[in-house]
Amino acid sequence: MIYVTHEDAGREEIVIKGEMHKYLVKVRRHQEGDILTFRSSENLETAYMYEIISIDPRVLHVRLVESYEEKIESAKPFHVGWCVIDTNSVEKVLPMLNELGVKKISFIYCDRSQKNFKPDFKRFLRITQSSSSQCGRTDVMEFETLKNIGEFVKKYPDSVVFDFCEEALSGDEKFETILIGSEGGFSKAEKELLIAQKVYRLDTPMVLRSETAVVAVASKMLL
């Protein structure tokens, strides 16, 4: 864990109880005198260093030692347009995408998306906040929902497409937004809408699941 997110970060002293107390003492095994980094969800770019003053069975007391500004984010802005798939599959890879530094995800209801799946942005935010505490990231991943491919292309006309084609992705390309389909790929009508967009594939003979493709493409472009 790189830092602890706490609503009282910045105060001279903080009293920690409940699950966070259990995690820091029982799981992380911190002791008196240890220094912990705290950040507030309202301003993740300010780091607050706290010393553990005392540890009681149910309460942990920490005192502010110093604070400083520290911004940790990907050097490249990277945006994924992702046709809606099972939210359980999204949640499994969301921490990876957060660690890789994906800036934004636009969830799009494509022709082959199952319309009963509704992205839960509040839950996604909790998942990425936990991931950020582990990896140190200080910017917050953005989410949005779009009705269809046409709306996405209109809003992001410079986006490229991940699909079957001749040209493999090298990682040196300069685009910032890529569109990745749901299971089964894009429909014939959607491919007509995307005919003017640049298309890339990954250099593999295997057919990737949608969530695998998202992680692989983000890794290729960001690392």
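The values are calculated or read from the model by the stated rules, or taken from the named source; none is laboratory data. Keep in mind that this is a model prediction, so the values were computed, not measured. Don't worry about glycine lacking a Cβ; one is built from the backbone with ideal geometry, like all the others, and counts go over all protein chains shown.
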### Task
Say whether the condition of being of a type in the set (Lys, Arg), on the phi < 0 side of the Ramachandran plot and touching a helix residue (DSSP H, G or I) at 6+ places or on another chain (Cβ under 8 Å) is met by at least one residue in the stretch 17-30.
no
### Task
For the stretch 55-72, indicate whether the set of residues that are more than 28 Å from the chain's Cα centre (by Cα), on the phi < 0 side of the Ramachandran plot, of a type in the set (S, T, N, Q) and in a strand (DSSP E or B) is non-empty.
no
### Message
For a quick check of your reading of the model, give me the residue pairs whose first member lies in the stretch 92-118 and is in the same structural domain as SER131 (by TED's automatic domain parsing) and farther than 26 Å from SER133 by Cα, whose second is modelled with pLDDT of 95 or more and assigned to a strand (DSSP E or B), with beta-carbon atoms closer than 6 Å and at least 6 apart or on different chains.
### Response
ILE108/GLY81; ILE108/CYS83; ILE108/LEU146; CYS110/CYS83; SER113/CYS83
### From the options ILE52, ILE14, residue that is β-branched (Val, Ile, Thr), surrounded by 16 or more Cβ atoms within 10 Å (Cβ to Cβ) and either touching a residue at least 40 places away in the same chain (Cβ under 8 Å) or assigned to a loop (DSSP other than H, G, I, E, B) (or both)
ILE14
### Query
Restricting the search to the stretch 170-223, which residues are assigned to a loop (DSSP other than H, G, I, E, B), under 21 Å from SER113 (Cα atoms), touching a residue at least 60 places away in the same chain (Cβ under 8 Å) and of a type outside the set (Lys, Arg)?
GLY181, SER182, GLU183, GLY184, GLY185, PHE186, SER187
### Query
Could you say which residue among PHE107, PHE117 is more than 23 Å from PRO157 (Cα to Cα) and surrounded by 16 or more Cβ atoms within 10 Å (Cβ to Cβ)?
PHE117
### Summary
Looking across the stretch 131-143 at residues that are under 10 Å from the mean Cα position of the chain (by Cα) and of a type in the set (Ser, Thr, Tyr), the single one that is surrounded by the most Cβ atoms within 10 Å (Cβ to Cβ) is SER132
